Structures are given as structure tokens and as C-alpha cells.
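This report refers to the structure that appears directly beneath it.
The values are calculated or read from the model by the stated rules, or taken from the named source; none is laboratory data. Because the structure is a prediction, the values reported are computed rather than measured. Positions of Cβ are generated from backbone atoms using ideal geometry, with glycine treated the same way; all protein chains shown enter the neighbour counts.
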């Protein structure tokens, strides 16, 4: 609801940027990597599995599936487009592997034809 309400406040042609989003489909993979790195014994897969499950239960950060933004197009009539970008960077860490940005674009003002626009040579 917050995203939809913020989008409705945009002027025509405006954009709503949502940054540093976490994808719930990647949460288990991320938690597995974190718990494996923290494990006293990386060969103890049962302990790592328990730690992963516990971290998933205790997860409190917002997770937004990228498909949410595609679904918005079906019930937000002014949504002109969505741009989803993976985080960029040369480092291989949580920010570049598990987060993304999304920009929602509102339908703009109809462009005026340029046929009758005066021109000046440079």
C-alpha cells in the first residue's frame, strides 16, 4: 500500500525509486552463505542447516519479490513502466549479490508535436 500511495502522489512523468531491496527468493541462499561462513565446523551440515532455518525465522528486514512490480501494472493504471536493476559493483558481497533497485515510472504528459516548433541555426 505504501508503494502504491507514494506512486499516486507523483506528478505525470514522475518516477518512484526504491533502492536496496532484498529478494525473498534469494534469502535462503544468502542465509546459507552467511551461516556457512560463521560455522565453527563448515563440514557440520546439520548444524549449518539448523542455523539457516533459525535465521530465516528471525528475519526482520523487508523482502520484496521483483514480481511484485510486474503485478502492479495490472492494478495501477498510471504505471508506464518498471526498471529493475541488480546492484552493481566489483565486490562480491551481500549488496552486489542479493539486492536490487526498482524504479516505477508514471505515465507522462502527452508530448507536443515538434512540426511547428521554430528552429534557429547554430
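The condition of being modelled with pLDDT of 95 or more and out of contact with any strand residue (DSSP E or B) (no Cβ under 7 Å at 6 or more places or on another chain) holds for only one of 37, 91, 46, 71, that being 46.
Cβ-Cβ distance below 8 Å, separation of 6 or more or different chains: which pairs start in region 17-44 with a residue that is on the phi > 0 side of the Ramachandran plot and end on one that is outside any helix (DSSP H, G or I)? Listed pairs, sorted by first residue: 20/87; 20/99; 20/101.
Tallying residues that are farther than 22 Å from residue 95 by Cα and assigned to a helix (DSSP H, G or I) within region 6-51 yields 9.
If a residue has to be touching a helix residue (DSSP H, G or I) at 6+ places or on another chain (Cβ under 9 Å), in a helix (DSSP H, G or I) and under 18 Å from residue 30 (Cα atoms) to count, how many in region 55-76 make the cut? Final tally of qualifying residues: 2.
Give the residues of region 77-106 that are surrounded by 15 or more Cβ atoms within 10 Å (Cβ to Cβ) and not in a strand (DSSP E or B), sorted by residue number. Hits for region 77-106 are 87, 97, 98.
Given the criteria at pLDDT 95 or above and under 28 Å from residue 107 (Cβ atoms), does residue 64 qualify? The answer is yes for residue 64.
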